[in-house]
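Comments concern the structure below.
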Amino acid sequence: MKLKILSIFCSLLLGIVPLAIAQENADTASVDSTAVASPAPVSQLTAVDTDNDHGHSISLKWEPSPDDGAGLKSVIGYEVYRAESPGGPFVIRAALPSGASSHIDVGAKEKESGDYMADYTDYYYKVRAITADSLVYSDSDVFGPVQCYGQWFNTGRIPVLVFVIGFMCTTILLIQKAKSGAKLFVRRLAGIEAVDEAIGRATEMGKPILYVLGLGTAADIATIASYTILGRVAKKVAEYQTRLIVPCYDPITMTVAQETVKTAYADAGRPDDYNEDMVYFVTQSQFAYVAAVNGTMLRERPATNIYMGLFYAESLILAETGALAGSIQISGTDQIAQIPFFIVACDYTLIGEELYAASAYLGREPLLLGSLKAQDYAKAAFIVLAVIGFLTINFGIDWFKQLFYISN
Amino acid sequence: MTNIGLIISFLVIGVGLLWLFILALKGREVDRRIIFIFIGLAVSVPLLFRISFSEKATPIVRDVFYKIENLPEGSNILLSYDYGPSMAPEVEPMSNAFLRHALAKNHKVFIMCLWATGQSLIATAIDSIIKREFPEKINGVDYINIGFKAGGQGVLNVIITDFRKMYLTDVDGVNLDSVPIFKGIKSLKDMDLLISIGGGFPGVKEWILFAGAPGNIPTAGGSAAVAAPLLYPYYPKQMVGLLGGIKGAAEYESELKKVYPQFANMPTPGIAMMGPQTLAHLVVMAFIVIGNIAFFVNRRRKP
Amino acid sequence: MANSKRISAIILIIVIATFLLSWIIKAFNLEGSPNNTGLWFSIRDAFFITIAAFLTLAIFSFLYKDNPYYKFAEHLFVGISAAYWMCVGFWSTLIGNLVPNISSSLSTFFRVPYKGLHFTYFVPLILGIILLMRLSSKRGWISRWALAWIVGTTSGLNLIRYLRTDFISQVSNTFIPLLVDWKGVGPFFSHFSLSSTGQFAMTLSNWVIFIGVFCGLIYFFFSKEHKGIFGTASRVGIWVLMITFGASFGYTVMGRVSLLVGRLTYLFRDWLGLIS
Amino acid sequence: MKKQVPLTITFIVGVVLILSVFFPPVETWGEDFSLFFDIIAVFAFFLGGGNLIRVHTERIAKKKKDWGFSIITILGFLIMLAAGLFKLWNPGDISADVAATGSLFQLLYDWMFNPLGATMYSLLAFYVASASYRAFRAKNRDATILLIAAFIILLGRTPLGMYATGWIPESFSVLQIPNLAIWVMTSPNLAGQRAIMIGIALGVVAMSLRLILGVERTYLGMDID
């Protein structure tokens, strides 16, 4: 209660005092506009090369004019000027609102650009405090010379580098360990175990298997993970002599999928059973693609639908239509928003990271298993760091949190 | 006509669900086409017959409403239209309700926006609401539109100390010093309540972080449903209250109708859009219940 | 068999007649409306309004079962959508970004500002052409080079991006206070309340977030058997995930219904004029 | 040649882009490469168009099932393509926006492409309902948790939640359904999302590393040797 009264008082005071001053200003201004005094200039202007960049940029800092928000209260903004000699000519580089006390002057790095800012060249700066009257202003002292230049290393991103190196070393170390014959355990992935069973069922029923790679392009990691699973599925399909349908959304993805399936058929010893019609392009438009796949599902009635890769809103449309067609459905995606729909509508779902783990799980190669193990170590590291951070923050220690600060 | 249609359609939906319920008790599963028909009915019937449900305001909405309601007449309220046409169907009902409420309560309303696209939406609101429903309100005395300034939270950083550094005139070019409503207004701190309506960047969050919290000014918001979960943690400390999605708008509208009889006939797009929503949600929940009954009956039957 | 063929022929005639009639009525309506812009535009707009309604209903008919009308809509959709993205990509990216950097005469032809010759832009041009080699089955293997370049780019960019925003930043996001507004044991219990904005609910939230993330991550451990205390944590992790999935599912229903409201509004208002 | 060159390209490009993050002089390479990717993607559209024509002419030629509909696909494709590339009915000249108001391209987009896509999308309203009916069943503990969480949120999104639990006093307000729904969304839901997100991040990082190191090569259509 006391606090409330105090705060009301304070805000009243804060409100009334400047108001009274403003009122006075307005009065004098209306009497004689030439009588407006120049505001106090900006002080302590400094300029240095901008840190952690590729050059062509200088950072400025200054103390705002005393008449900015107090005193005469006449400053409405600042203008930053630059010249190549202390005497000028000065060119305006930026206009900033009042209250500003810093600016980063960034120039173009191409010589042909009009805005080119050369590295290792002397520049001089001044900051002008401006008022509502364009004739009334005051300049700061000129600061200079200052040069800009590029750094070869960005220190602001050290935490990232530490993690990259740490993760890489762990992975390589574990791969070596796995190669030397150490046995690595991998837990069961129900979704992947179900694949073999589902292919067997399709064979018994004499129905095809539909494999949907999702909406990813060749540049999506989830799609690349999906190829591995497709390779495995295709190999099994070739062995069982079942039919495989792979409608594709992206033309590049389609070419890769064709290669993958072709290789898998060759590996299974049945290169002649492969034909180009298995993997075909539909269209590169989300809902048109869905419309076509939906139609395929109800016309071909596949025994099994496998959805692996990148999916958006169409996840539920596909999965529900598949359920309607009576197919067994196995899915996996890294789109967090879509996982719930797959969980609800499919028989088995690989949740997020499990999709990436699947390729390692299927391959059982020491190389892949080693990298899987490294992922687990990273998760353990996360938990340890989170617990430490959690304790430090609860005991009021802040420096640990700062270690994770990425400045740009 | 409306009533007959309404009764018939409710009977169809009600009896239909009851029938499915009885079937479920016998352990029978429902064909999905029947579910589709129910969803189709649940959405189209309220659309055709304008069915709406009375909403009961949740505390987070009630807090905003009674904040405006309990401020003394003539308090200064700032509305910021931080959205564009694509988001308008969801959040425009909120800004309209806020505007009506503040004017009906005889508060002074300051309107601005941090989105360039908000400008034309403000103009529409002034024409269709203030000029039509509150013809006695005078521009510059009871309300003012100071329009858009670029800079997002940078604008807030400035006007939290001084409006006139950013805004010299209102949208019509009238000097703020000559406008009666701005007499005695220096900065955002002179406002009694800030309300931002939006759902993107800059939006409610920026108003809280750059104006409400540092200036200790009561701040409320209206947000699109997608962005709302990110804002709840600010309630009630940094945020008076929040209207989340079309449901929040509907709750506010119904509270407004309850307290102000003069608004009995006002258009309530929020409540209207909640009609199909509510019915569809009820149908989905009914089917979850029916499905579980059928499941348990069947499990008991064949162990 | 012959009978079902006759029925579908009759349905086809009825459907065509209905929509033709709708087209004519709509054209008269538009011609009579205060803002009509000429006979040709009335007929044209009436056609498009009617065809959009037909296509909408054709897609909805899939809910009942697969049928020729759906097949028609589906195949049309596939055709125009493929061309749509080709045209947009051609004008915005090839003409907008590539041409101004490689050829001045082409820039003049397409009336885009020429930016000077940049040799780096020949990289995507060549890789793009290599990709098109795919259409030839003999030299198809060379498209792997383009593919390798794309995959290298993606993995390089993603490795850092994900590590930075989704891993390192999340570490420090999980450093949260375990006690919110803590004023001591006495006040906590004497003012104990389950208010949604109270100290207890807020503190509980933070605990749930911390333990939830912890157990959720345990579930994702692949190289350790989920047994004993580890297994318990992983079970809790699954529960947290299940709550997440259930909640997200429930939350999206509203958005999905809005989409249907939009389509039905088109049919009832723009096409049939039943509501205003 | 067929194997080593692609693997080397991936390795070099990947490593260069990782380094570019830490070394400001080459910082802009990442952006340039992304733009290049956009350009290559347009060539992929042409590849797609070519494939589409091939698939459907084949269906027509071989008189496969439903071959008649393939004619519609090709017609739709050619009309849209002509409308876009030649800017038919476009009120402006060659530099005009391809989708300018009044152009055939824009008309086809607004009255065919858009309604088809929007309707396809709106089917979700029906499927959300049928999926809830089919899958939200208390079969076991996990499914029951899923069901309860969904039910609380659904209730919280209707007026029913407030009517049923509005009587609960303020000091227990977290038990009011709408508040409970908000709490579920902001606490356990957030925790679950974060755990999945971290897992995915690590999966992507590990996968990218495997690709750069050439351990994972299925995408080139070949097995590990």
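The values are calculated or read from the model by the stated rules, or taken from the named source; none is laboratory data. What you see is a predicted model, and the numbers here were worked out from it, not measured in a lab. Note that we place each Cβ from the backbone using ideal geometry, even for glycine, and neighbour counts take in every protein chain shown. Remember, those area values only see protein heavy atoms, side chains included, never the ligands or the DNA or RNA. Shrake-Rupley method; radii C 1.70, N 1.55, O 1.52, S 1.80 Å.
5 Å is the cut-off here: which amide hydrogens, built 1.01 Å from N in the peptide plane, fall below it relative to A:L45, excluding neighbours closer than 5 in sequence?
Residues meeting the criterion, in which the H sits 1.01 Å from N, are A:E63.
Would you compute, from DSSP H runs of 4+ residues alone, the mean residue ellipticity of chain C at 222 nm, taking -39500 (n - 2.57) per run and dividing by the full residue count, rounded to the nearest 500?
My calculation for chain C gives -22500 deg cm²/dmol from helical runs alone.
What chymotrypsin sites (Phe, Trp or Tyr not before Pro) does segment A:167-221 have in DSSP loop regions with at most 16 other beta carbons within 10 Å?
A:F185
Could you derive backbone 3J(HN,Hα) for segment B:251-266 from the dihedral phi with the Karplus parameters 6.51, -1.76 and 1.60 (θ = phi - 60°), listing whole Hz in sequence and x where the residue is Gly or Pro?
Per-residue couplings from phi come out as 4, 5, 4, 5, 5, 5, 5, 5, 7, 10, x, 5, 8, 3, 9, 5 Hz.
Rounding to the nearest 10 and keeping the result within 0 to 90°, find how far the Cα-based axis of helix C:143-161 lies from the longest principal axis of chain C.
With both axes taken from Cα atoms, the answer is about 40 degrees.
Quantify, in whole percent, the carbon and sulfur part of the accessible surface of segment A:50-156 (1.4 Å probe; protein heavy atoms only).
Carbon and sulfur: 54 percent of the exposed surface of segment A:50-156.
Taking N as the number of residues in the protein assembly as shown, what is its alpha-carbon radius of gyration divided by 2.2 N^0.38 Å?
That works out to 0.99 for the protein assembly as shown.
Could you pull out every residue, at least 5 positions away or on a different chain, whose amide H is within less than 5 Å of the one on A:F281? Hs are placed 1.01 Å off N in the peptide plane, and Pro or chain starts have none.
Under 5 Å from the amide H of A:F281: A:C248.
How big is D, in µm² s⁻¹, for segment D:128-220 by Stokes-Einstein at 10 °C and 1.306 mPa s if Rh is the Kirkwood radius over C-alpha pairs?
Roughly 96 µm²/s, to the nearest whole number.
On the accessible surface of segment D:70-225, probed at 1.4 Å, how many percent belong to carbon and sulfur atoms?
Roughly 68 percent, rounded to a whole number.
Arrange the residues C:W141, A:W62, B:W19 by how much accessible surface each exposes, largest first, with a 1.4 angstrom probe.
B:W19, C:W141, A:W62
Over chain B, with a Gaussian network built from C-alpha contacts below 10 Å, which listed residue (B:G203, B:G291, B:G215) shows the highest mean-square fluctuation?
Of B:G203, B:G291, B:G215, the Gaussian network model singles out B:G291 as fluctuating most.
Please report the carbon-and-sulfur percent of the accessible area for chain C; probe 1.4 Å, protein heavy atoms only, DNA, RNA and ligands left out.
That share works out to 70 percent.
Counting only other chains, what is the mean number of Cβ atoms within 10 angstrom of the Cβ of each residue in peptide A:54-62?
So the per-residue partner count for this stretch is 1.
With a 1.4 Å probe and all protein chains kept in place, how much accessible area does A:C169 have, in Å² rounded to the nearest 10?
For A:C169, solvent-accessible area is about 70 Å².
Report which residues of segment A:170-189 become buried by 50 Å² or more of accessible surface when going from the isolated chain to the complete set of protein chains (1.4 Å probe; DNA, RNA and ligands ignored).
A:F185, A:R187
Where the convex hull is taken over the Cα atoms of segment A:43-146, what is its projected area averaged over directions, in nm²?
Spelled out: convex hull of the Cα atoms, projected over all directions, averaged, 6.7 nm².
Looking at chain A, do any whole DSSP H helices span at least 18 angstrom along their long axis by alpha carbon and average 1.0 or above on Kyte-Doolittle, and which?
Answer set is A:2-31, A:158-179, A:366-394.
Based on Cα coordinates alone, diagonalise the gyration tensor for chain A, multiply each eigenvalue by 5, take square roots, and list the semi-axes in whole Å, largest first.
64, 26, 25
Let me know the mean shielding of D:168-178 by other chains, meaning the per-residue number of their Cβ atoms within 10 Å of its Cβ.
Across the residues of D:168-178, the mean count of other-chain Cβ atoms within 10 Å is 5.
Interface size between chain C and chain D, please: total buried accessible area, 1.4 Å probe, rounded to the nearest 100 Å².
11100 Å²
Tell me the accessible surface of B:E92 in square angstrom (1.4 angstrom probe, heavy atoms of protein chains only), to the nearest ten.
Probe radius 1.4 Å; accessible area of B:E92 about 50 Å².
Kindly compute the accessible surface that chains C and A hide from a 1.4 Å probe when together, both sides summed, and give it to the nearest 100 Å².
In total, this chain pair buries about 5400 Å².
Across segment C:95-102, in residue order, what do the Karplus-derived ³J(HN,Hα) couplings come to in whole Hz, using 6.51 cos²θ - 1.76 cosθ + 1.60 with θ = phi - 60° and x for Gly and Pro?
Each residue of segment C:95-102 in turn: 6, x, 10, 7, 3, x, 9, 10 Hz.
Please compute the per residue accessible area over chain C with all protein chains in place, 1.4 Å probe, rounded to a whole number of Å².
Here the residues of chain C average 47 Å² of exposed surface.
Students sometimes get this wrong: rank C:F192, A:F163, A:F311 by accessible area, probe 1.4 Å, all chains present, largest first.
Of C:F192, A:F163, A:F311, the descending order of accessible area is C:F192, A:F163, A:F311.
To the nearest 0.05, how large is the calculated FRET efficiency for D:D66 and B:D31 if R₀ is 41 Å and r is the Cβ-Cβ distance?
The formula returns an efficiency of 0.95 here.
Semi-axes of the equivalent ellipsoid of segment C:2-65: what are they in whole Å, largest first, if each equals the square root of 5 times a C-alpha gyration tensor eigenvalue?
30, 13, 7
Below 21 Å, Cα to Cα, which lysines can A:K262 reach? Residues fewer than 8 away in the same chain don't count.
A:K207, A:K235, A:K236, C:K138, D:K2, D:K3
Evaluate 2.2 N^0.38 Å with N set to the residue count of segment B:240-294, then give the Cα radius of gyration divided by it.
1.49
Report D for chain C in µm² per second (integer): Stokes-Einstein, Kirkwood Rh on Cα pairs, 37 °C, 0.692 mPa s.
Calculated translational D: 121 µm²/s.
Once all Cα-Cα distances of chain B are split into 10 Å bins that start at 0, what whole-number percent is in each one?
Computed distribution, short to long bins: 6, 25, 29, 17, 11, 8, 3, 1, 0.
Using a 10 Å cut-off around each Cβ of peptide A:213-221, what is the average number of partner chain Cβ atoms that fall inside?
That works out to 5 on average.
Quick one: P(r) of segment D:30-125 from all Cα-Cα pairs, 10 Å bins, percents rounded to integers, in order of increasing distance.
14, 28, 37, 19, 2
List every residue whose amide H lies under 5 Å from the amide H of A:A94, counting only residues 5 or more places away in sequence or on a different chain, with H placed 1.01 Å from N in the peptide plane.
Those qualifying (amide H under 5 Å, at least 5 residues apart or on another chain) are A:V80.
Of B:G151, B:G84, B:G275, which has the largest mean-square fluctuation in a 10 Å C-alpha GNM of chain B?
Maximum among the listed residues: B:G151.
By the scheme Lys and Arg +1, Asp and Glu -1, what is the net charge of all other residues having a beta-carbon under 10 Å from that of D:A125?
Net local charge, D:A125 excluded: +2.
For segment A:110-215, report the accessible area per residue in Å² (1.4 Å probe, heavy atoms, rounded to an integer).
51 Å²
Can you give the calculated 222 nm mean residue ellipticity of chain A, where each DSSP H run of n ≥ 4 adds -39,500 (n - 2.57) and the sum is split over every residue, rounded to the nearest 500 deg cm²/dmol?
Computed ellipticity for chain A at 222 nm equals -15000 deg cm²/dmol.
Suppose we keep just the DSSP beta bridges with both residues in the protein assembly as shown; what percent of those would be antiparallel, to 5?
Bridges in the protein assembly as shown are about 40 percent antiparallel.
Karplus couplings for segment C:105-118 from phi (6.51 cos²θ - 1.76 cosθ + 1.60, θ = phi - 60°), rounded to Hz, Gly and Pro as x?
With the stated coefficients, segment C:105-118 comes to 6, 5, 4, 5, 4, 8, 6, 10, x, 6, 9, x, 7, 10 Hz.
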